[in-house]
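Asks: My questions all concern the structure below.
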Amino acid sequence: MIYFDNHATTPCDRRVVEAMLPWFSDQYGNPHSDSHEMGRLAAEAIDQSIATMALAIGVAPESVVITSGATESNNLAIRGFCQHPRQKKRHFVTVATEHPAVLDLATEMERDGFRVSRIPPYSINHPRAGCVDMDKLADAIDDDTALVSVMWANNEVGSIAPMQEIAELCHKKGTILHCDATQAVGRIPIDIRGTDIDLLSASAHKFYGPKGIGFLVVGGGNRRVRIKPQIIGGGQQHGRRSGTMNPAAIVAMSTAIAIAAQEMTTTTARVQSLRDKLWKGVTSQIPGILLNGPNLSLPDRLPGNLNITMEAIEGESWMAATPDVAFSSGSACSSVDPRASHVLMGMGRSESEARRSVRFGIGKFNTENEIDNAVKLLVRAYEKLTDT
Ligand SMILES: Cc1ncc(COP(=O)(O)O)c(C=O)c1O
């Protein structure tokens, strides 16, 4: 299997697995049991891990809340902030191309009496295609806007948002900014304090860590931010998210983020050149392929992302005819949903075009050889499907 679906998830780096192993059967103390050495060791490992992570993303360790992943982080940020007893404003602004972990929550908030604005992205031919339309965002924020939520990098078309500009706009208009940075953390440089982002969500399995662990930064910028806890219990993490913390997974996430930071420059260059080779390989042999999203270069687009629309075949047929290559027709998290991609249609592609589209996510473990082999398999499958 050639794995080109690194936006859905990434393989756990073996160095990360090594780092987490002792915390299962050797050092298994409960980090909240401070009456003995085993518990204290686990607590120290967690503190150390959070400090490492905080340094890598430019925040104070106290602002990091450990969660089960980005879905939970988004819920804690958006609901937690909007439902805080001191919150009197009743308007939530987000972008039509966000992940369902934000969009479905927005629908839920509407049921709870919030007014929700979903801002369209720049369309297909814009250099920042897929990113939130900045003029429309500015127009939508009003005196009643409690929170704005904008993703840093889009999980389907890889467009990278100008977060600093967005943070400035939100703060000038007196509102708070949440950023779903799930696809950005570990892939592009992140300095949360410098960018002045108030709330930020991330998930370890997108940067070569394990699934089921992530974090939310609360008060990452220059303002004090209060959230209402969504999980109530033993009061762990200063009451912000109760439940026994998982030392193995936290050590793993911290190791993964430290590796990503150390190796970012070389990984980015490699992954980008592999992605470009794939693009050249398929477009030189298959006619009529259209690129979805911004041009293929930083700072506009994630280095490993490629999203294309085919002229003659549906994405699902191409995937079925190429079983040895793992790629996708949209976001994995919504692949249970048979609708065509809301991201592509939000950018102006028709439903038929969206159904003829696929997403590749190249990762750090992919090789030149895999690109060559995948191109052969993809072209062969295309020719079979179109009888050419
Ligand atoms: C942008 C974005 N947000 C949120 C999520 C959900 O993350 P998790 O799997 O950690 O809940 C994903 C996963 O694909 C994502 O890409």
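Asks: Return the Cα extents of the stretch 1-71 along principal axes one, two and three, sorted largest first, each rounded to a whole Å.
Replies: Result, largest extent first: 48, 31, 21 Å.
Asks: Run the helix sum for the chain: -39,500 (n - 2.57) per DSSP H stretch of 4+ residues, divided by residue count, reported at 222 nm to the nearest 500 deg cm²/dmol.
Replies: Result for the chain, helices only: -12000 deg cm²/dmol.
Asks: Now a separate question. Along its principal axes, what span do the Cα atoms of the stretch 1-121 show, with the longest given first and each in whole Å?
Replies: Computed over the stretch 1-121, the largest-to-smallest principal extents equal 50, 47, 26 Å.
Asks: A further question on this structure: With a probe of 1.4 Å, find how much accessible area the stretch 276-322 has per residue, and write the answer as a whole number in Å².
Replies: Numbers: 1800 Å² over 47 residues.
Computed with neighbouring chains in place, this is 38 Å² per residue.
Asks: Further question: Taking 0.36 nm per intervening residue step and subtracting the Cα-Cα distance, what contour gain separates Leu55 from Glu37 on full extension?
Replies: Roughly 3.8 nm would be gained on extension.
Asks: What per residue convex hull volume, in Å³, do the alpha-carbon atoms of the stretch 150-206 yield?
Replies: 72 Å³
Asks: Which residues does the label zone of Asn295 cover in the stretch 97-133, counting backbone N under 18 Å from a point 7 Å along Cα→Cβ?
Replies: Correct set: 122-131.
Asks: Using alpha carbon centroids, what distance separates the stretch 286-315 and the stretch 8-66, in Å?
Replies: 38 Å
Asks: How many lysine pairs are close in the chain, with Cα atoms under 20 Å apart and the two 8 or more places apart or on different chains?
Replies: Close lysine pairs found across the chain: 15.
Asks: Let's test the formula: R0 of 51 Å, r as the Cβ-Cβ distance of His126 and His238. What FRET efficiency results, to the nearest 0.05? Intermediate results must be reported in sequence, preceding the final value.
Replies: Working: r = 43 Å, r/R0 = 0.84.
The formula returns an efficiency of 0.75 here.
Asks: Another question, then. Only loop residues by DSSP count here, and only those with at most 15 other Cβ atoms within 10 Å; note down the trypsin sites (Lys or Arg not before Pro) in the stretch 286-388 that meet that.
Replies: Taking the stretch 286-388 and a limit of 15 other Cβ atoms within 10 Å, the loop trypsin sites (Lys or Arg not before Pro) found are Arg339.
Asks: Per residue, how large is the accessible surface of the stretch 14-257? Use a 1.4 angstrom probe and give square angstrom.
Replies: Accessible surface, normalised per residue, equals 40 Å².
Asks: Could I ask something else about it? Just Leu216, Leu378, Leu306 to compare: in a GNM of the chain, with alpha carbon springs under 10 Å, which one fluctuates most?
Replies: Sorting by GNM fluctuation, first place goes to Leu378.
Asks: Could you list which residues have their amide H under 5 Å from that of Thr67, counting only those 5 or more apart in sequence or on another chain, with H placed in the peptide plane?
Replies: Correct list: Gly214, Phe215, Leu216.
Asks: Spelling out what I want: for every residue of the stretch 341-348, take phi, set θ = phi - 60°, compute 6.51 cos²θ - 1.76 cosθ + 1.60 (Karplus), and round to whole Hz; glycine and proline get x.
Replies: 4, 5, 5, 5, 5, x, 8, x
Asks: Also: Counting DSSP beta bridges in the chain, what percent are antiparallel, to the nearest 5?
Replies: 55 percent
Asks: I would also like to ask the following. Of Ser328, Ala381, Asn305, whose Cα points farthest to the positive end of the dipole of the stretch 276-388 (charges on the beta-carbon: +1 Lys, Arg; -1 Asp, Glu; origin at the Cα centre)?
Replies: Asn305
Asks: OK, next. Which of rounded, prolate or oblate describes the chain when judged by the alpha-carbon gyration tensor and an a/c cut-off of 1.5?
Replies: Oblate, because a/c is 1.5 or more while a/b does not exceed b/c.
Asks: Sticking with this one: For the stretch 137-153, list residues with backbone N below 15 Å from a point placed 7 Å from the Cα of Lys88 toward its Cβ?
Replies: Backbone N within reach: 143-146.
Asks: Please give the residues of the stretch 71-102, grouped as numeric ranges, whose backbone N is less than 12 Å from a label point set 7 Å along the Cα-to-Cβ vector of Asp142.
Replies: Answer for this model: 90-92.
Asks: Provide the gained length on full extension for the span Asp387 to Arg115, in nm with one decimal, where the gain is 0.36 nm per separating residue minus the Cα-Cα distance.
Replies: Numbers: separation 272, 0.36 × 272 = 97.92 nm, distance 5.11 nm.
92.8 nm is the gain from fully extending Asp387 to Arg115.
Asks: Something else about it: Under unit Cβ charges (Lys, Arg +1; Asp, Glu -1), what dipole magnitude, rounded to 20 debye, does the stretch 14-257 have relative to its Cα centre?
Replies: The dipole magnitude comes to about 300 debye.
Asks: To the nearest 0.05, how large is the calculated FRET efficiency for Ser284 and Glu168 if R₀ is 45 Å and r is the Cβ-Cβ distance?
Replies: The value I calculate is 0.60.
Asks: While we're looking at this one, here's another question. Please work out how much length the chain gains when fully extended from Glu44 to Ala320, using 0.36 nm per residue of separation minus the C-alpha to C-alpha distance, in nm with one decimal.
Replies: Full extension of this stretch gives 94.5 nm more.
The values are calculated or read from the model by the stated rules, or taken from the named source; none is laboratory data. Keep in mind the model is a prediction, meaning the values are calculated, not measured. Positions of Cβ are backbone-derived with ideal geometry, glycine not excepted, and every protein chain shown enters the neighbour counts. Only protein heavy atoms, including side chains, enter the accessible area calculation; ligands, DNA and RNA are left aside. Shrake-Rupley method; radii C 1.70, N 1.55, O 1.52, S 1.80 Å.
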